[in-house]
Amino acid sequence: MPQPVILSDVGKVLIDFDFSIAARRLAQQCDHPAETVLTLFDDIKVPYEVGDIDDVEFIRQGRELTGFRGAEKELEAIWCEIFEQNEAMHATLGALAGKLPMHLLSNTNELHKAYFLREYPIFQHFQGGVFSHTARCAKPGEEIFLKTIEQLDLDPARTFYIDDLAPNIATAERLGFRTFHYSFAKHPQFQAELDEWLSAQGIG
């Protein structure tokens, strides 16, 4: 029988992000204002997140669409250096290390994934996960959840799923997961509900 598991989204749960940081830095190296430069990525962002284009093609098209004057590595850095760790969640999950498996389920891209896994200690608590760019599908669709259940051998009824977006929570609930619709301001409520769930699973 599958054991209890924590399954977590990444952005706005484990780490915060602010794309306006990237927009301001991009604007310094191209002829588009910070207020609109990120819209130039609209047509390639989703294909990149579901693996239809790779890192090299994303950066190539990003430079072309924006007229970015810097080097490829500089654009990669600007794209990635937008995150900040959620220290409250880091403390919560750190206290559970070794008590139960923890996995990730995220709509993300390879550059972001490689960066946040490398840079932020909170990800040391996780044993792996499923990511949209390798699964070739994305939340809130059911397909990525079903792939996650199969790949990680999850029992949704014994899996505590955390996400900041209501459509993703709705899909998870429809598939039988225990869920929490997270925001940074709701962390005390999250801690209380997680503790209650852990107790019910026999985890102290």
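The values are calculated or read from the model by the stated rules, or taken from the named source; none is laboratory data. A quick note: this is a predicted structure, and the numbers were derived from the prediction, not measured. So basically every Cβ, Gly included, is an ideal-geometry build from the backbone, and we count neighbours across all protein chains shown. Side chains are part of the model used for accessible areas, which takes the heavy atoms of the whole protein and leaves out ligands, DNA and RNA. Shrake-Rupley method; radii C 1.70, N 1.55, O 1.52, S 1.80 Å.
Would you check which residues across the stretch 143-170 are in contact with a helix residue (DSSP H, G or I) (Cβ under 6 Å, 6 or more places away or on another chain) and over 10 Å from Leu105 (Cβ atoms) and list them?
Answer for the stretch 143-170, where residues must be in contact with a helix residue (DSSP H, G or I) (Cβ under 6 Å, 6 or more places away or on another chain) and over 10 Å from Leu105 (Cβ atoms): just Phe160.
Hey, can you tell me all the residues within the stretch 116-156 that are among the hydroxyl-bearing types (Ser, Thr, Tyr) and within 12 Å of the chain's Cα centre (by Cα)?
Ser132
Taking helices (runs of 4 or more DSSP H) that do not extend beyond the stretch 138-204, which have at least 2 residues that are open to solvent by 80 Å² or more (accessible area, probe 1.4 Å), within 24 Å of Glu49 (Cβ to Cβ) and not acidic (Asp, Glu)?
142-152
Assuming Ser8 fulfils every condition listed in (1) hydroxyl-bearing (Ser, Thr, Tyr); (2) free of Cβ contacts under 8 Å to residues at least 24 places away in the same chain; (3) in contact with a strand residue (DSSP E or B) (Cβ under 7 Å, 6 or more places away or on another chain) apart from one, which condition is it?
Condition (2) is where Ser8 drops out.
Which of the residues that make up the stretch 97-112 are part of a helix (DSSP H, G or I) and surrounded by fewer than 20 Cβ atoms within 10 Å (Cβ to Cβ)?
Passing the criteria: Glu110, Leu111.
When only residues in the stretch 66-95 that are free of Cβ contacts under 8 Å to residues at least 60 places away in the same chain and open to solvent by 80 Å² or more (accessible area, probe 1.4 Å) count, which is nearest to the chain's Cα centre (by Cα)?
Among residues in the stretch 66-95 that are free of Cβ contacts under 8 Å to residues at least 60 places away in the same chain and open to solvent by 80 Å² or more (accessible area, probe 1.4 Å), the one nearest to the chain's Cα centre (by Cα) is Glu87.
If Gly62 meets every condition in (1) farther than 19 Å from Ile15 by Cα; (2) free of Cβ contacts under 8 Å to residues at least 12 places away in the same chain apart from one, which number is that one?
All conditions pass for Gly62, except number (2).
Would the stretch 125-134 turn up any residue that is touching a Phe, Trp or Tyr at 6+ places or on another chain (Cβ under 6 Å) and in a strand (DSSP E or B)?
Checked against the condition, which is being touching a Phe, Trp or Tyr at 6+ places or on another chain (Cβ under 6 Å) and in a strand (DSSP E or B), the stretch 125-134 yields no hits at all.
Take the stretch 23-45 and flag every residue that is open to solvent by less than 50 Å² (accessible area, probe 1.4 Å), β-branched (Val, Ile, Thr) and out of contact with any Gly (no Cβ under 9 Å at 6 or more places or on another chain).
Selection gives Val37 alone.
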